[in-house]
1. For residues that are assigned to a loop (DSSP other than H, G, I, E, B) and surrounded by 10 or more Cβ atoms within 10 Å (Cβ to Cβ), scanning just the range 15-35, find the one that is modelled with the highest pLDDT.
2. Under 9 Å by Cβ, and 6 or more places apart or on different chains, what pairs join a residue from the range 110-121 that is of a type in the set (A, V, I, L, M) with one that is exposed (fewer than 13 other Cβ atoms within 10 Å of the Cβ) and in a helix (DSSP H, G or I)?
3. Can you tell me which residues in the range 88-107 are outside any helix (DSSP H, G or I) and open to solvent by less than 90 Å² (accessible area, probe 1.4 Å)?
4. Tally time: how many residues in the range 108-123 are closer than 16 Å to Val44 by Cβ and exposed (fewer than 14 other Cβ atoms within 10 Å of the Cβ)?
5. Residues of the range 102-116 being more than 16 Å from the chain's Cα centre (by Cα) and within 21 Å of Asp66 (Cβ to Cβ), which ones?
6. Would you tally the residues in the range 84-93 being under 17 Å from Glu121 (Cβ atoms), touching a residue at least 12 places away in the same chain (Cβ under 8 Å) and more than 15 Å from the chain's Cα centre (by Cα)?
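The values are calculated or read from the model by the stated rules, or taken from the named source; none is laboratory data. Everything numeric here is computed off the predicted structure, so don't read it as measured data. Counting neighbours? That spans all protein chains shown, and the Cβs are built from the backbone with ideal geometry, glycine included. These area figures cover heavy atoms from the full protein model, side chains too; ligands, DNA and RNA do not enter into them. Shrake-Rupley method; radii C 1.70, N 1.55, O 1.52, S 1.80 Å.
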Amino acid sequence: MFERECDVSEARGGACSIIHKAKSQFHQGLYSLQPISLRPWDDVIMDFIVTLPRTQGGDAMMMVVDIFSKMAHFIPCHKTDDASYIVEIYFREVIRLHAMPKSIVSDRDSKFISHFEGVCESS
């Protein structure tokens, strides 16, 4: 469907508006370079997938990916879990296996990140 619309749009001499809209959604804000990891689990990326069907484990997934090796942990959680509980499961599932990373990159809001870092430092 989208391909046919793009072909028609491009035949008229214009760029595909669907692709343009999709691209514009991803280029918001400033980009920063990711740290270059020299060892596994020194630098990680943490993200949440929150639109999952409800199961016994929860209705969301915390994803922690090592930048160096691209190894990932997928940890079930609930989308209503607070930062204190997220730190608890982070320690239980990631830190016990790989030690504390030097940096954690996440797209969560600054309030969540500051609370997460505060609880990590006090633990």
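1. First pass over the range 15-35, keeping only residues assigned to a loop (DSSP other than H, G, I, E, B): 15-16, 27-35.
Going one step further and asking which of them are surrounded by 10 or more Cβ atoms within 10 Å (Cβ to Cβ), we end up with 15-16, 34-35.
Values: Ala15: 47, Cys16: 46, Gln34: 69, Pro35: 63.
Taking the candidates together, the pick is Gln34.
2. Partner pairs satisfying both residue conditions: Val119/Ser84.
3. Scanning the range 88-107 gives Ala99, Pro101, Ser103, Ile104, Val105, Ser106.
4. Qualifying residue count, the range 108-123: 1.
5. Passing the criteria: only Lys102.
6. Qualifying residue count, the range 84-93: 3.
Matching residues to (1) touching a Pro at 6+ places or on another chain (Cβ under 7 Å); (2) at pLDDT 75 or above:
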{"residue": "Glu3", "(1), (2)": "no, no"}
{"residue": "Ser37", "(1), (2)": "no, yes"}
{"residue": "Thr51", "(1), (2)": "no, yes"}
{"residue": "Met62", "(1), (2)": "no, yes"}
{"residue": "Ser69", "(1), (2)": "yes, yes"}
{"residue": "Phe74", "(1), (2)": "no, yes"}
{"residue": "Tyr90", "(1), (2)": "no, yes"}
{"residue": "Pro101", "(1), (2)": "no, yes"}
